[in-house]
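See structure below.
The values are calculated or read from the model by the stated rules, or taken from the named source; none is laboratory data. Model, not experiment: these values are computed from the prediction. As a convention, Cβ positions derive from the backbone with ideal geometry for all residues, glycine included, and neighbour counts pool all protein chains shown.
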Amino acid sequence: MASLPTNIEQLVEGKYSYKSLDELLGSLVFDQSKHGKRWFGFFAAGFFGVGLLLLSIVWLLYQGIGVWGNNQPVGWGFDIINFVWWIGIGHAGTLISAVLLLLRQQWRNSINRFAEAMTLFAVMCAGLYPLLHTGRPWVAYWLFPYPNVLGMWPQFRSPLIWDVFAVSTYITISALFWFFGLIPDFATMRDRSIKLWQKKVWGALAMGWRGSMKHWRRYEDAYLILAGLSTPLVLSVHSIVSFDFAVSIVPGWNVTLFPPYFVAGAVFAGFAMVITFAIPIRKWYGLQDVITEKHLDWMAKIMLATGLIVFYGYVMEMFFAWYSGNPFELYLKENRMGGPYSWAFWALWFCNGLAPQILWFPKMRQNKVVLFFICQLVSIGMWLERFVIIPMSLHRDYLPSAWGMYTPTMWDIMMFAGTIGMFIMFMFLFIRFVPLINIFEMKDLLLRIKHDPHAGDHAHGDHHEVAVVAVAKENQ
Amino acid sequence: MGAHAISKEDLFHGTIAEFTDPDEILVAAQKVREAGYTHVDAYTPFPIHGLDEALGFEDTRIKWIIGLAGVIGFAAGMGLQAYVNLVDYPMNVGGRPNFSWPSFIPVAYECTILFAGLAAFFGALALNGLPRPNHPIFNANRFELASQSSFFLCVEGTDPQFDKTEVKKLLEGLNPLQVSDVYGDEPEGQE
């Protein structure tokens, strides 16, 4: 118990019981009237985006990669930028679910499920790109080591194949982890259902879960181990993605700093996305008592910390380019600072380096408008970071006669917008039909708050004064 | 199949006591254990720390299953790459060794995690006997609250020293919300 924060009672505001938690959290799904026009508006926007996505995919399959802006020397453009952007966003969900669990941070309990759902949908969006950018996606199965008569195997020494294994494993384990965490809540939904068809649906998903102590024991062990597996998984996946660049010899790509810098960047971008959803969702669905200002504060701090690591990476890259004395690395520095795409470079330093520094101030972290806006800047900044790394290093490398420019086409942009639409659509479907906060973990948190020796201290707000005063009155 | 009639007592599963507080059920579990009952289970909306210890339950098989699966995964990943690069399609790339094991680590590592994760998920479900849509305990009075706000303790009829009146007396002495008997469903095809 020594690793609990002393202000654990700040994690749930107001007086709640197991019953009232069931009411609050279950009603998100049972009370469909909570999802009104606003839900429909976002869902419709997402659905429209999915339409754009399907259109751009069909056109791509029909015409080929030529419809994109990819060309020599920039063989990788929006496709890989967006792949890395989406995968990075997914990592925050796993960090919250798995790493914070291992660190016994109770504040994860109210945010981990929708963060993990965010991971799943982000990785789905990401996965489209490696599949489709191959040019002949209908033979994408060649990337897997299956017995064949072609006498062909994948090149196991290539990070591109490591990616295949890493991303496949990541999406599988994330899905399993997410679903596993849902099973007891499906049972709660089953038992709270009034209509028979609902009971049957929830019951099927709950697989007969009855909350047996024996089952909980094995469940907790498996869940903890899954978290323990997910943590190195998340570190390895984005490291492997960074190897796509780091193992090459192009200036700006051959950087040993990449694995930790990419992982920190992923957490940075991911938390920006989690906060982007957390701020409106808690307001619209009345969840401020369980996703408290403290949660937003801590997430903002993590974002600031990882942003500093990322910014350190930017500075170091420029320093080593200069310090190496290597003419090609020196040119990289010049090109980034003053070349044709330098606007992206400076925008990047503003969005990821300068803007998040405002989060040092508690008043700014607590100001939800400011925080939301900074998160959008961070999301844009992280996209720009991949732009600076990928097309900017490719378009001007060793031989000036091979230099070129990269311009995305409308199909690049449409597909990107489409993936954003798909993400929004899936997130809103999730919000409407699946309990977005982990009910049993919230009840567990409630019990820990009750047992916490510091609960009832006057220093932490009115709610507990009510409880303390009531007890004092009783004792008079 | 219906050669002999099944009496109600044949379907008896156990006796339950319902509590509204996790601390109460912990105390109750300890008392039940002290009284010598071993076939006891508890049904709670979330895992109660210390409850399995109080009831003397331990099962570490899942850890072994996951560990073994991880080792198999690593061996499979390394083995596949070793086979491809040493036996089936060796490639001499600049005189570098065929068994360039450092470059084989990422794939083998991901295979380890994949196998271990699958084992954790399916192993935990399998050891728990899930999916199992029906179980006699679902017939217990107010059992739908077991996943919501109540904590149930069940002394099962299969316990060697089970006696209905003794158990009822013991459970009622623990101050529960209610004590009741649980019977299974009658099998299909009986009139």
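Among the residues of the range B:17-50, those identified as small (Gly, Ala, Ser) and either in a strand (DSSP E or B) or within 20 Å of the chain's Cα centre (by Cα) (or both) are B:Ala17, B:Ala29, B:Ala42, B:Gly50.
Against the conditions (1) more than 7 Å from chain B (Cβ to nearest Cβ); (2) surrounded by fewer than 21 Cβ atoms within 10 Å (Cβ to Cβ); (3) part of a helix (DSSP H, G or I), A:Tyr146 satisfies every one except (3). Of all the criteria given as (1) outside any helix (DSSP H, G or I); (2) surrounded by fewer than 17 Cβ atoms within 10 Å (Cβ to Cβ), the one not satisfied by B:Glu166 is (1).
Among the residues of the range A:153-185, those that are more than 9 Å from chain B (Cβ to nearest Cβ), within 16 Å of B:Phe121 (Cα to Cα) and not small (Gly, Ala, Ser) comprise A:Ile171, A:Trp178, A:Leu182. Looking only at the range A:96-109, filter to residues that are part of a helix (DSSP H, G or I) and touching a Ser or Thr at 6+ places or on another chain (Cβ under 8 Å); which one of those is farthest from A:Met303 (Cα to Cα)? Going through the qualifying residues, I end up with A:Leu102.
Restricting B:Phe152, B:Phe143 to residues that are aromatic (Phe, Trp, Tyr), crowded, with 17+ Cβ neighbours inside 10 Å and over 19 Å from B:Glu34 (Cα atoms) narrows the list to B:Phe143. For B:Ile66, the conditions (1) touching a Gly at 6+ places or on another chain (Cβ under 8 Å); (2) closer than 30 Å to A:Arg157 by Cα; (3) more than 13 Å from every other protein chain (Cβ to nearest Cβ) are fulfilled apart from (3).
If you go through the range A:186-196 and keep only what is within 8 Å of chain B (Cβ to nearest Cβ) and either part of a loop (DSSP other than H, G, I, E, B) or touching a residue at least 60 places away in the same chain (Cβ under 8 Å) (or both), you end up with A:Thr188, A:Arg192. Restricting attention to the range B:35-63, the residues that are more than 9 Å from A:Met213 (Cβ to Cβ), at the interface with chain A (Cβ under 8 Å from one of its Cβ atoms) and either surrounded by 15 or more Cβ atoms within 10 Å (Cβ to Cβ) or small (Gly, Ala, Ser) (or both) add up to 4. Only one of the listed residues (B:Gly129, B:Gly184) is surrounded by fewer than 21 Cβ atoms within 10 Å (Cβ to Cβ), under 17 Å from A:Gly208 (Cα atoms) and touching a Pro at 6+ places or on another chain (Cβ under 9 Å). That residue is B:Gly184.
For B:Ala28, the conditions (1) surrounded by fewer than 17 Cβ atoms within 10 Å (Cβ to Cβ); (2) more than 8 Å from chain A (Cβ to nearest Cβ); (3) closer than 28 Å to B:Gly129 by Cα all hold with the exception of (1).
Note on the range B:131-165: among residues that are small (Gly, Ala, Ser) and at the interface with chain A (Cβ under 8 Å from one of its Cβ atoms), the one that is farthest from the chain's Cα centre (by Cα) is B:Ser149. Per this entry, A:Leu128 is counted among residues that are more than 9 Å from chain B (Cβ to nearest Cβ), under 28 Å from A:Gly270 (Cα atoms), touching a residue at least 24 places away in the same chain (Cβ under 8 Å) and assigned to a helix (DSSP H, G or I).
For every residue, the table says whether it meets (1) loosely packed, with under 15 Cβ neighbours inside 10 Å; (2) more than 17 Å from A:Val274 (Cβ to Cβ); (3) within 14 Å of chain B (Cβ to nearest Cβ).
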{"site": "A:Cys375", "(1), (2), (3)": "no, no, no"}
{"site": "A:Ser379", "(1), (2), (3)": "no, no, no"}
{"site": "A:Arg386", "(1), (2), (3)": "no, yes, no"}
{"site": "A:His395", "(1), (2), (3)": "no, yes, no"}
{"site": "A:Thr409", "(1), (2), (3)": "no, yes, no"}
{"site": "A:Gly421", "(1), (2), (3)": "no, yes, no"}
{"site": "A:Ile424", "(1), (2), (3)": "no, no, no"}
{"site": "A:Ile439", "(1), (2), (3)": "no, yes, yes"}
{"site": "A:Leu446", "(1), (2), (3)": "no, yes, yes"}
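Contact annotation: residue pairs with Cβ atoms under 7 Å, 6 or more positions apart or on different chains, pairing a residue in the range A:44-63 that is surrounded by 14 or more Cβ atoms within 10 Å (Cβ to Cβ) with a partner that is at pLDDT 95 or above and hydroxyl-bearing (Ser, Thr, Tyr), are A:Leu53/A:Thr419.
Of the residues making up the range B:97-127, those that are more than 7 Å from every other protein chain (Cβ to nearest Cβ) and over 21 Å from A:Ala227 (Cβ atoms) are B:Pro97, B:Asn98, B:Phe99, B:Trp101, B:Pro102, B:Ile105, B:Ala108.
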